[in-house]
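The block underneath contains the structure these notes are about, expressed in structure tokens.
The values are calculated or read from the model by the stated rules, or taken from the named source; none is laboratory data. Predicted, not measured: the structure shown is a model, and the values here were computed from it. Here the Cβ positions follow ideal geometry from the backbone for every residue, glycine too, while neighbour counts run over all protein chains shown.
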Amino acid sequence: MFDGVAKGYDRTNSVMTLGFDRRWREWSRRVLDARAGEKVLDLAAGTAVSTVEYAASGAWCVAADFSIGMLLGGRHRDVPKVAADALRLPFADNAFDAVTVSFGLRNFNDTEAALREMARVVKPGGRLVVCEVSTPTFRPFRFVYMRYLLKILPFIGRFVSSNPEAYQYLAESMRTWPEQRALAEIVAKAGWEDVAWMNLTFGMVALHRATKPAESGEPAEATKPAEAAKPAQTLEGE
Ligand SMILES: C[S@@+](CC[C@H](N)C(=O)[O-])C[C@H]1O[C@@H](n2cnc3c(N)ncnc32)[C@H](O)[C@@H]1O
């Protein structure tokens, strides 16, 4: 399916999100806070549009995705690209300082298993940042969004995408995806600690971040025991 939407993917994305995708990527970059000398895995990177954004920090960033078509769609982007399945990553344990996934987690067959696999390849104390569609927090808007906006997505897809059926799937997966707190609990269950999230654009998108526990089993330095016990907390949002 993703090979089928690869042609013109970046343009379709910008049209469908009314250009907000740029702001969401900008926020992901800020929260990820990659630094020169770090190794960052951008998982389900698609055309590597986010990967170049993270690489601008000077960190070494690799784009991994299981759709060769999507990776080829980003062939003009000068970052290393690897064909890889999120559930069986071809990387050693503790290889990265941080792992990030934008608009990809929702597509994995087993969310928790993928989060565990991401934890495997990140160093103890390393970071996770997930940017994903979520549930609008303002009730009247949530009603309109769930009831009407998600229904018109497949129609817009007919005009702007090379694979309109994929937009039927997109709308369905957005409707059934867990809301902010539920996702934070899945992240914590998969072995990450210090889980927090931040709402973007009224909660239509949420950024979740977490840390891999330090090797000793002790909480990472900045984590207060009382906070570690909580499954999730809200960061200051937009
Ligand atoms: C909606 S696109 C997001 C692409 C990019 N991260 C972005 O922000 O534009 C979702 C991506 O997830 C990838 N994907 C889905 N399941 C995957 C898996 N099991 N392993 C690796 N990539 C996967 C798809 O190939 C697709 O490129």
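Some values worked out for this structure:
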{"quantity": "Close pairs (9 angstrom Cβ cut-off, 6 or more residues apart or separate chains): under 16 Å from SER28 (Cβ atoms) and within 13 Å of the ligand (Cβ to nearest atom) in region 55-80, of a type in the set (D, E, K, R) and assigned to a loop (DSSP other than H, G, I, E, B) anywhere", "calculated": "CYS61/GLU38; ALA63/ARG77"}
{"quantity": "Of residues in region 1-24 being aliphatic (A, V, I, L, M) and away from the ligand (no atom under 12 Å from the Cβ), the one surrounded by the fewest Cβ atoms within 10 Å (Cβ to Cβ)", "calculated": "LEU18"}
{"quantity": "Near pairs, Cβ below 6 angstrom, 6+ apart or cross-chain, from region 10-21 (within 13 Å of ILE156 (Cβ to Cβ)) to any residue that is surrounded by fewer than 16 Cβ atoms within 10 Å (Cβ to Cβ)", "calculated": "THR12/VAL160; VAL15/VAL160"}
{"quantity": "Residues (at pLDDT below 85 and over 28 Å from LEU32 (Cβ atoms)) located in region 130-148", "calculated": "ARG139, PHE143, VAL144, MET146, ARG147, TYR148"}
{"quantity": "Verdict on PRO124 being in contact (Cβ under 8 Å) with a residue 40 or more places away in the chain, more than 13 Å from the ligand (Cβ to nearest atom) and either among the hydroxyl-bearing types (Ser, Thr, Tyr) or surrounded by fewer than 17 Cβ atoms within 10 Å (Cβ to Cβ) (or both)", "calculated": "yes"}
{"quantity": "Residue in region 25-41 that is free of Cβ contacts under 8 Å to residues at least 60 places away in the same chain, in the same structural domain as VAL187 (by TED's automatic domain parsing) and within 11 Å of the ligand (Cβ to nearest atom) present", "calculated": "no"}
{"quantity": "Residues within region 106-120 that are of a type in the set (Asp, Glu) and either within 10 Å of the ligand (Cβ to nearest atom) or touching a Gly at 6+ places or on another chain (Cβ under 6 Å) (or both), tallied", "calculated": "2"}
{"quantity": "Residue check, SER50 within 11 Å of the ligand (Cβ to nearest atom), closer than 30 Å to GLU215 by Cβ and touching a residue at least 40 places away in the same chain (Cβ under 8 Å)", "calculated": "yes"}
{"quantity": "Checking PHE103 against (1) in contact (Cβ under 8 Å) with a residue 60 or more places away in the chain; (2) within 11 Å of the ligand (Cβ to nearest atom); (3) not hydroxyl-bearing (Ser, Thr, Tyr), the condition it does not meet", "calculated": "(1)"}
{"quantity": "Meets criteria (assigned to a helix (DSSP H, G or I) and assigned by TED's automatic domain parsing to the domain that holds VAL121) for ALA196", "calculated": "no"}
{"quantity": "Residue match in region 72-79 (condition: closer than 23 Å to GLU215 by Cβ and surrounded by 15 or more Cβ atoms within 10 Å (Cβ to Cβ))", "calculated": "no"}
{"quantity": "Verdict on ARG147 being outside the structural domain of GLY126 (by TED's automatic domain parsing), more than 25 Å from ARG22 (Cβ to Cβ) and charged (D, E, K, R)", "calculated": "yes"}
